[in-house]
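Laboratory data are not the source of any read-out in this text; all were calculated from the coordinates shown. Predicted model only: the values in this text are computed from it and were never measured. So basically every Cβ, Gly included, is an ideal-geometry build from the backbone, and we count neighbours across all protein chains shown.
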Amino acid sequence: MNVEIIIKKESTYFSIIQKLNYILSITFFALTNILFSQVSGTILMDSISLPGAEIKFKESDQVVMADFDGNFVLPIESKIENLNLVISFSGLSIEIKNIELIESELNIGDFEIPYFEDISITEFELLTELEKENCLPIYHWTQLLGYFNTQKIDTDYLTLNCEKKIREFEYNPQTKTVLVDWNLIKLCE
């Protein structure tokens, strides 16, 4: 009888150890994916690489810059819960909302940064003082060429990660941010 009790206790003990090993293994792999997760891509303007664009998650202080070829790799901090990616260049930002990280790495592909609407010097002179405050001068050396109107972007579509023109986006002129949902982009080919 004592032998049976000892055998049952040992088998229960080994069963508990096996379960703990299984749980620890799953936890280790899950944490490894979280700790080493990253988002990468290429930032372009007029189909030309855009070095110096800043890329970050809206909820994070960690910022990376696109390299000479417009490429970037942004590690994902484990504390980030909502993945909203912000790409900024020359005062204009694109916020990609609701990014889903299914695997530990996500390549978001090529992203074209749009321009602000450009206006001529004559068009600028016809604006009200308040409207003029939202314009940035465009110079070539010391010659004034025109202005960027930061209240509008120059296109009614975005080219993000594919040739398909994405028209479902919002532009907020106060924050100078283009908002687009990842669900529109991820299915794009």
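Brief remarks on what is shown
- The residues packed around residue 64, meaning those with a beta-carbon under 13 Å from its beta-carbon, carry a net charge of -3 if Lys and Arg are +1 and Asp and Glu are -1.
- For residue 146, distant residues with modelled amide H under 5 Å away: 138
- Count Lys and Arg as plus one, Asp and Glu as minus one, and take only other residues whose Cβ is under 13 Å from that of residue 148; the net charge is then -3.
- Global geometry of the range 115-154, whether rounded, prolate or oblate, following the gyration tensor of its Cα atoms and the 1.5 cut on a/c: oblate
- Across the cross-link table entries 132/186; 56/176; 97/176; 132/176, which are compared at the Cα atoms, the separations over 26 Å belong to 132/186.
- Sparse-neighbour loop sites [chymotrypsin sites (Phe, Trp or Tyr not before Pro); the range 111-150; at most 10 other C-beta within 10 Å; DSSP]: 141
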